[in-house]
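Only one structure is covered here, and it is reproduced in the block below.
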Amino acid sequence: VEDDLAFVVPVIPLASIADFARDGQRYVGSDDEQRLQHEALERALRAVSPLARPPRLGSDRVLVIDAAADTCIPPSARERFWQALGRPERVSYQYGHRAAFLAMTFLGGYDLQRQIHRFFDRTLAPRLVRYEAAQVDSNGR
């Protein structure tokens with residue numbers, strides 16, 4: 001995550017591809033071979049894993065959108081991702097994985113966009129107003 005981002009909104013995020021592969025029984029071989037495959041995949045993806053380091057963005061600048069009835073991304077993975085980001089605000093649609101994406105479209109009334117706008121208005125817009133006021137004061141205008 002870039003340091004200068006104002007906010008981030010992960011939508012139906014997956015915390016660990018390695019865990020997803022393990023939980024979906026995608027590895028092959030003996031238990032030891034599967035464990036080694038899992039460890040190797042975790043090492044390979046460490047550079048891009050949100051679980052590998054502390055969050056760089058304050059949790060007040062993060063809104064997580066997920067699907068409570070998701071059968072593709074298990075509850076433990078959703079919870080682990082949310083915890084890794086510092087337990088930010090979260091909106092959980094009471095749908096499955098695919099149906100939750102409808103909230104982004106006219107079929108879902110563009111509810112996801114409204115949730116993001118509300119989050120922005122409530123948490124980030126006041127900072128922008130203070131920033132713009134400070135700019136005006138420092139420029140004498």
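The values are calculated or read from the model by the stated rules, or taken from the named source; none is laboratory data. Only a predicted model underlies this, so the values are computations on that prediction, with no experimental measurement involved. All Cβ positions, glycine included, derive from the backbone under ideal geometry; neighbour counts span all protein chains shown. When the accessible area is computed, the model is the full protein with side chains, heavy atoms only, and any ligands, DNA or RNA have been set aside. Shrake-Rupley method; radii C 1.70, N 1.55, O 1.52, S 1.80 Å.
As for the stretch 28-48, it holds no residue that is in contact with a helix residue (DSSP H, G or I) (Cβ under 8 Å, 6 or more places away or on another chain), assigned to a loop (DSSP other than H, G, I, E, B) and either within 25 Å of Ile116 (Cβ to Cβ) or open to solvent by less than 30 Å² (accessible area, probe 1.4 Å) (or both).
For the stretch 54-78, a residue qualifies if it is under 25 Å from Leu124 (Cβ atoms) and open to solvent by 70 Å² or more (accessible area, probe 1.4 Å), and the qualifying residues are Pro54, Arg56, Asp60. Every residue in the stretch 2-21 that is open to solvent by 40 Å² or more (accessible area, probe 1.4 Å), within 25 Å of His38 (Cα to Cα) and either free of Cβ contacts under 8 Å to residues at least 12 places away in the same chain or not aromatic (Phe, Trp, Tyr) (or both), please. If the condition is that a residue be open to solvent by 40 Å² or more (accessible area, probe 1.4 Å), within 25 Å of His38 (Cα to Cα) and either free of Cβ contacts under 8 Å to residues at least 12 places away in the same chain or not aromatic (Phe, Trp, Tyr) (or both), then Val11, Leu14, Ile17 are the ones that fit. The residue of the stretch 92-101 that is farthest from the chain's Cα centre (by Cα), among those that are buried (at least 16 other Cβ atoms within 10 Å of the Cβ) and not in a strand (DSSP E or B), is Tyr95. Inside the stretch 57-91, residues that are under 25 Å from Gly24 (Cα atoms) and in a helix (DSSP H, G or I) make up a count of 10. Of all residues in the stretch 107-129, at least one satisfies being among the β-branched types (Val, Ile, Thr), within 14 Å of the chain's Cα centre (by Cα) and open to solvent by 30 Å² or more (accessible area, probe 1.4 Å). Residues that are hydroxyl-bearing (Ser, Thr, Tyr) and either more than 14 Å from the chain's Cα centre (by Cα) or farther than 29 Å from Asp4 by Cβ (or both) within the stretch 16-65 comprise Tyr27, Ser30, listed in sequence order.
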